[in-house]
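> One structure, as structure tokens, below. Some questions next.
The values are calculated or read from the model by the stated rules, or taken from the named source; none is laboratory data. On a predicted model such as this, the values are computed, not experimentally measured, just so you know. We place every Cβ from the backbone using ideal geometry, glycine too, and count neighbours over all the protein chains shown. We work out accessible area using only protein heavy atoms, side chains counted, and drop any ligands, DNA or RNA first. Shrake-Rupley method; radii C 1.70, N 1.55, O 1.52, S 1.80 Å.
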Amino acid sequence: MAGVAEPLGSNVNKLEKSEQYPKRKYEYLDHTADVQLHSWGDSLEESFEQVAMAMFGYMTEIDTVEVKQSKSIEAEGYDLLSLLFHFLDEFLFLFSADPFFIPRKVQIVEFDKTNFKIQAIGFGETFDLSKHPQGTEVKAITYSNMQIHTDRTTNDIHVIIDI
């Protein structure tokens, strides 16, 4: 379901109404042969958005990405962990297959925590080596030690990505 290209029109309005580029609330933790992403936010939605941006931030310097287009993704799961996995996997697929779309911002527009469905928009552009420094390739999302902590005020998420 990834890769639905949309003109910026209505989605730019959504971006302009929200905080243009939110403060980063993620970090990278050492992990044997992989990288662990740790994100947090005032809400679970913000934590999901931040972990997606952490993944893309590992691929390039996000500050070099301009908002020139938007792409929508949808993901489903059978619990929050599988929803997180599929959410990140859809964005990784979008980068790999549409050709190399990289968002500057990810915004969740619908988050159904009961039926485990999510819709999100990425605002960004096509990855270009002449403009965007190449970071590390993300090969896959893993379930290994995946954690979502909704019992904290910071809604922490931990995800290990295969690099």
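> May I ask you to list the residues in segment 27-67 that are within 16 Å of THR126 (Cβ to Cβ) and open to solvent by less than 20 Å² (accessible area, probe 1.4 Å)?
Hits for segment 27-67 are PHE56, MET59, THR60, ILE62, VAL65.
> Okay, moving on. Can you name the number of the only condition in (1) under 19 Å from HIS86 (Cα atoms); (2) modelled with pLDDT of 75 or more; (3) open to solvent by less than 40 Å² (accessible area, probe 1.4 Å) that GLY3 fails?
So the condition that GLY3 fails would be (2).
> Somewhere in segment 60-74, is a residue part of a helix (DSSP H, G or I), farther than 26 Å from SER144 by Cβ and over 14 Å from the mean Cα position of the chain (by Cα)?
Yes, segment 60-74 contains a residue that is part of a helix (DSSP H, G or I), farther than 26 Å from SER144 by Cβ and over 14 Å from the mean Cα position of the chain (by Cα).
> Next question, about the same structure. Going through segment 132-142 one residue at a time, which ones are open to solvent by less than 50 Å² (accessible area, probe 1.4 Å), closer than 17 Å to ALA97 by Cα and either outside any loop (DSSP other than H, G, I, E, B) or of a type outside the set (A, V, I, L, M) (or both)?
Matches in segment 132-142: ALA140, ILE141.
> Now a separate question. Among the residues of segment 143-157, what is the count of those that are of a type outside the set (Lys, Arg) and either in a loop (DSSP other than H, G, I, E, B) or open to solvent by 90 Å² or more (accessible area, probe 1.4 Å) (or both)?
Taking segment 143-157 and keeping what is of a type outside the set (Lys, Arg), we get 143-151, 153-157.
Next, only the ones that are either in a loop (DSSP other than H, G, I, E, B) or open to solvent by 90 Å² or more (accessible area, probe 1.4 Å) (or both) stay: 143-146, 150-151, 153-155.
The total comes to 9.
> Output the number of residues of segment 113-131 satisfying the condition of being part of a loop (DSSP other than H, G, I, E, B), within 20 Å of GLU49 (Cβ to Cβ) and open to solvent by less than 70 Å² (accessible area, probe 1.4 Å).
Number satisfying all stated conditions: 2.
> Could I ask something else about it? Can you pull out every residue in segment 80-112 that is on the phi > 0 side of the Ramachandran plot and part of a helix (DSSP H, G or I)?
none
> Does LEU92 fit the bill of being free of Cβ contacts under 8 Å to residues at least 12 places away in the same chain and under 24 Å from TYR21 (Cβ atoms)?
no
> Of the residues GLY41, GLY57, which is outside any helix (DSSP H, G or I) and not basic (Lys, Arg)?
Numbers: GLY57 fails: outside any helix (DSSP H, G or I).
Among GLY41, GLY57, only GLY41 is outside any helix (DSSP H, G or I) and not basic (Lys, Arg).
> State the number of residues belonging to segment 68-92 that are farther than 16 Å from VAL159 by Cβ and open to solvent by 40 Å² or more (accessible area, probe 1.4 Å).
5
> I would also like to ask the following. Condition check: modelled with pLDDT of 90 or more, open to solvent by 10 Å² or more (accessible area, probe 1.4 Å) and in contact with an Asp or Glu (Cβ under 6 Å, 6 or more places away or on another chain). Does LYS105 satisfy that?
No: the conditions fail for LYS105.
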